[in-house]
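Structure record follows, encoded as structure tokens.
The values are calculated or read from the model by the stated rules, or taken from the named source; none is laboratory data. Predicted, not measured: the structure shown is a model, and the values here were computed from it. Here Cβ is always computed from backbone atoms with ideal geometry, including for glycine, and neighbour counts include all displayed protein chains. Areas reflect the complete protein model, heavy atoms only, side chains present, ligands, DNA and RNA absent. Shrake-Rupley method; radii C 1.70, N 1.55, O 1.52, S 1.80 Å.
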Amino acid sequence: MAKKEETPNMVEQFAEFKELKNIDKTTMISVLEESFRNVLAKMFGTDENLDVILNPDKGDVQIFQNLKVVPDGEVENPNLQISLSDARADDDPEAEVGEEHSREIIFENFGRRAILNLRQTLQSRILDLQKEAVYNKFKELEGELITGEVYQTWSRETLLLDDENNELLLPKSEAIPGDFFRKGETVRAVIANVDNKNNNPKITVSRINEQFLRRLFELEVPEIHDGLISIRAVARIPGERAKIAVESYDERIDPVGACVGVKGSRIHGIVRELRNENIDVICYTTNPSLFIQRALSPARISNIRLDEANHKAEVFLRPEEVSLAIGKNGNNIKLATMLTGYEIDVYRDTEMIYEDDIYLDDFADEIDGWVIDAFKNAGCVTAKSILNSPREELLEKTDLEESTIDDVLEILRREYEDEDDNAQEETPADDNSEAKS
């Protein structure tokens with residue numbers, strides 16, 4: 001009696017395992033049938049003439065072997081054939097030669113070794129299923145933020161465990177310079193890569209991936225999470241500096257202000273998470289000239305020449321602005337290049353005509369802001385860059401009315417004429433003073 005309960009007990013144990021590992025009922029039935037067939041195939045040489053009927057609700061399994069009835073004494077393969085007399089003696093008195101006879105197989109009768117073999121096959125298959133489930137789950141989460149607890153730290157990598165005890169590997173090469181973790185500490189990272197070599201899932205996470213910065217902003221800025229603000233481009237030098245270009249789909253929302261927060265409340269949390277990595281947030285624009293100007297902030301450029309076909313830009317700056325454009329260790333221009341996708345060359349503007357140049361923003365009280373933006377979009381950000389450009393070229397680049405162009409030129413020329421008049425008035429005074437002395 002005890003032997004007959006072996007198989008039902010085994011099915012019940014499998015059902016319990018299924019609940020723990022979140023294996024669905026359909027998969028459970030499929031795996032159980034597959035395991036029985038694998039063991040039976042080894043015992044009988046084939047499973048093609050076997051029917052395995054599972055009833056997981058009751059916890060029982062029935063196995064039937066379908067054999068061809070042959071005349072007595074002509075049985076060549078007892079796993080495929082049965083003699084007529086044996087078939088009639090096996091509860092089938094009307095059996096005839098050539099027909100098929102089904103015989104129930106009591107698995108428990110094969111002894112302990114067969115049952116142990118079946119359990120081992122089940123455990124192996126379930127383990128494979130669990131690995132597949134882990135791989136499929138995390139493969140879909142690539143690029144998403146995840147939190148893990150530090151379990152162990154080695155010289156080249158750190159092992160994290162998520163809330164389901166799945167192992168996450170954070171290589172040193174994917175950690176921010178300055179990262180130092182203690183056992184039990186909670187760490188945030190982004191799932192960078194998931195592979196399944198030899199059915200052994202490996203989940204690699206990163207804190208230097210640009211997606212990590214994106215996800216942190218989504219977490220800290222509700223407008224990004226809700227889709228009102230979009231992150232259009234990200235460039236990072238991990239642990240040093242980053243630039244992020246954002247765009248608002250609602251004119252009432254200032255994308256830069258929303259990302260920074262009141263007194264930097266939103267961005268400060270991100271900066272701390274990134275080990276004090278400096279973050280520049282700029283407004284995205286489809287105009288490459290203006291985008292490059294913004295990307296090179298805090299430097300203020302004098303002029304820019306674009307080669308859109310080859311994605312190259314020549315940027316001219318006053319001597320005192322060059323160091324700002326390049327930045328410490330060349331980080332600013334490197335990030336601007338990464339952010340815009342343009343190869344940027346910086347040139348020192350040493351021509352005398354620019355020594356007394358004035359930025360267009362300084363004329364905001366005389367020239368409308370949208371007009372100033374039109375000139376800046378065309379790469380003209382200073383008075384001299386406009387005055388020294390052909391009028392036809394300004395019309396073509398800015399797409400402004402002729403009268404508007406002329407008004408701007410008149411305002412700029414008047415500024416320099418006033419300066420010349422002032423200089424001339426001062427000169428005679430100096431000469432007289434010299435004569436009197």
Discussion item. Roughly how far apart, in whole Å, are the Cα centres of region 295-348 and region 188-247?
Written reply: 26 Å
Worksheet item: Which loop chymotrypsin sites (Phe, Trp or Tyr not before Pro) in region 195-250, with loop taken from DSSP, have no more than 14 other Cβ atoms within 10 angstrom of their Cβ?
Response: TYR249
Item to complete: Let me know the whole percent of all Cα-Cα pairs from region 220-299 that are separated by more than 18 Å.
Response: 41 percent
Discussion item. Taking the Cα centre as origin and putting +1 on Lys and Arg beta-carbons and -1 on Asp and Glu beta-carbons, what dipole magnitude results for the chain, to the nearest 20 debye?
Written reply: 3020 debye
Item to complete: Set the Förster distance to 41 Å, then compute FRET efficiency between ASN310 and THR27 from the Cβ-Cβ distance, nearest 0.05.
Response: 0.15
Response to the item:
Between the modelled labels at PHE181 and ASN278 (7 Å from Cα along Cα→Cβ) the distance in nm is 2.9 nm
Item to complete: Report the GluC sites (Glu not before Pro) located in region 217-306 that are in a DSSP loop and have at most 10 other Cβ atoms inside 10 Å of their Cβ, or state none.
Response: GLU251
Item to complete: Report the trypsin sites (Lys or Arg not before Pro) located in region 236-295 that are in a DSSP loop and have at most 12 other Cβ atoms inside 10 Å of their Cβ, or state none.
Response: ARG252
Fill in: At 1.002 mPa s and 20 °C, Stokes D of region 144-267 from Kirkwood alpha-carbon radius, µm² per second
135 µm²/s
Worksheet item: Under the rule of -39500 (n - 2.57) per DSSP H run of 4 or more residues, summed and divided by the residues of the chain, what mean residue ellipticity at 222 nm is obtained, to the nearest 500 deg cm²/dmol?
Response: -13000 deg cm²/dmol
Practice prompt. Please give, to one decimal in nm, the separation of the simple spin-label points placed at ASN199 and ILE411, each 7 Å out from Cα toward the Cβ.
Written response: 7.4 nm
Worksheet entry | Segment ARG112-GLU100, length gained on full extension (0.36 nm per residue, minus Cα span) | 1.3 nm
Worksheet item: Picking from GLU167, GLU401, GLU94, which is most flexible by a Gaussian network model of the chain using Cα springs under 10 Å?
Response: GLU94
Fill in: Sulfur and carbon atoms: percent of accessible area, the chain [1.4 Å]
44 percent
Response to the item:
Pairs over 26 Å Cα to Cα, from LYS312/LYS397; LYS243/LYS263; LYS263/LYS334; LYS25/LYS139; LYS172/LYS328, come to LYS263/LYS334
